[in-house]
Structure formats: structure tokens, C-alpha cells
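Heads up: the structure comes next, in C-alpha cells.
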Amino acid sequence: MTKKGFYLCLRVTQYLALLCIIGLEITQLVFFKRYKDAISFEESATWKDWFESFYKRHGIKYFYYVVIVITLIYILYSLITFTRRWKTGPYRKVIFVDIFFLLLWLAVGFTNIYPIYFDGSLNCDIKEEFKDLPGRLTECRAYLASMAIGWFMALLFLHTAIHSVYLWSHRDKIHAQNEDKNVSYPNPDNPVV
């Protein structure tokens, strides 16, 4: 696989993983809302109370959702402008942006394990609370899957940062090869060869 193809493959994989996370987060919200409505059918809980309860069980979701939106915007921008950016260069700023997102996803990973400090475990064994409400088991599994894919996103951003550093460090050699072939200079901001 070429450098351009590898980089594009990493970006597309990041996009697909992010779509999976969004789907899992929506699943968690739907099943948690059903659970809260089922146990408090006498009184209707406000969205604020409901979300604070969700936060205590599933980590710092406000931060997680902000990171998801920012990452989605960046990946879409990167994919849309990929060809133009690949032709104009590698850019050093891409390295820093990828490292920034790597750090964001590491922070998300640690905030997702926040509930372990209260419960002491992160498993979805069949417990008494899951027997009466099977949606709770689905919610728990969606939470764990979302957390795992979040760590995978951190790994993907580590790979894109390493690949961007490689492209930046070999930019003169790549530029010389492209001039011989009359091909434009690759761009690590939009790294796919």
C-alpha cells in the first residue's frame, strides 16, 4: 500500500470508528432513559437529573461528546480536503493536530473508566438488576464497547501522528521522487499516497 493509501485508510478507519462510537452512545442514552423511566414511573425526572444520573454511572459524558463532535469535524475536513492537501505538501501542523487528538482520546479513555472508582469493576455480568430489565445489559455492553473503541481511536491517532512525522521527515526525498515523476508533493495533513 502506498503512503497516500495508508494515510487515507487510517483516516477512513477513524471515521468509521467514530460512527460506531456515536451509534453506541445513542444506544446507551436510549436504554438508560428507558431504565430511568421504568424505575421512576411515578415521577417524571427532568433531563438534568436524568443526565446527572447517567454521568455518575458512565463517566464524564459532556467531555466525551465534545471530543466526539470536534473529532468528527476534523476527520470530515481531513477527508474532504485530502487530495488538495496531499498535493500541496506535508505540513508540520498535522503532526501537532494528531498529537492533540491522541491526547484528547487518551483523556476520554481515562474519563470513561471513571465509574470504576465507584463500582470497583467494569463488567456486565448477569446481575439481579439485569434480569428484570434486559435493556440494562445492552446499555452496559454498549458502554464497554464504546470505551474500547475510544481506546482504539487513541491508537489510530498515535498511528497517524507517527505516519505524519515519517512523511514530514522524508519530505525532501518524497519531493525529489515526485519531481522526477512530475507528481505533486505529498501532504501529511491529508496523508494518503
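Peptide packing for 66-78, 91-103 was compared via the average number of neighbouring C-beta atoms within 10 Å per residue; ordered from the highest value, the list is 91-103, 66-78.
Residues in region 8-16 carry Karplus couplings, in order, of 5, 4, 4, 5, 5, 4, 4, 5, 5 Hz; the curve used is 6.51 cos²θ - 1.76 cosθ + 1.60 with θ = phi - 60°, and Gly or Pro positions show x.
Counting 0.36 nm for each residue step from Thr2 to Leu76 and taking away their Cα separation leaves a gain of 24.5 nm.
Readers should treat all values here as calculations from the given coordinates under stated rules, not as data from a laboratory. Keep in mind it's a predicted model, so treat the numbers as computed, not measured. Note: ideal-geometry Cβ built from the backbone for every residue, glycine included; neighbour counts use all protein chains shown.
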